[in-house]
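Below is one structure; the comments refer to it alone.
Please treat every number below as a calculation from the coordinates, not as lab data. All figures in this text were calculated on a predicted structure; none of them were measured in a lab.
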């Protein structure tokens, strides 16, 4: 069974470009220019992409509650 990963359009574009770098179709320098980031950042993202795959391109806080969100028991007390 395949795992489904939800990605933004920005992450999809990055995945496509990083796959081209992986297959040596374009150079890291050119990929950095296309993505609008410096080469050092591209190398950092590329290492993580190689180890974790497409999942590495998503923001790490997606799906987690916000820092200002109240816990469920506090919400329950407030709604009374």
Review point. What number, rounded to the nearest 500 deg cm²/dmol, is the helix-based mean residue ellipticity at 222 nm of the chain, given -39500 (n - 2.57) per DSSP H run of at least four residues and division by all its residues?
Key: -16500 deg cm²/dmol
Check your understanding: If one takes the longest principal axis of the Cα atoms in the chain, at what angle in degrees, from 0 to 90 and to the nearest 10, does the Cα axis of helix 39-52 lie?
Key -> 70
**Study point:** Relative contact order of the chain, pairs being alpha-carbon contacts under 8 Å that are 6 or more residues apart, as %
**Key:** 27
Study note, to complete from the structure: Taking Cα atoms, the helix 9-22 axis meets the longest principal axis of the chain at an angle in degrees (rounded to 10) of 30
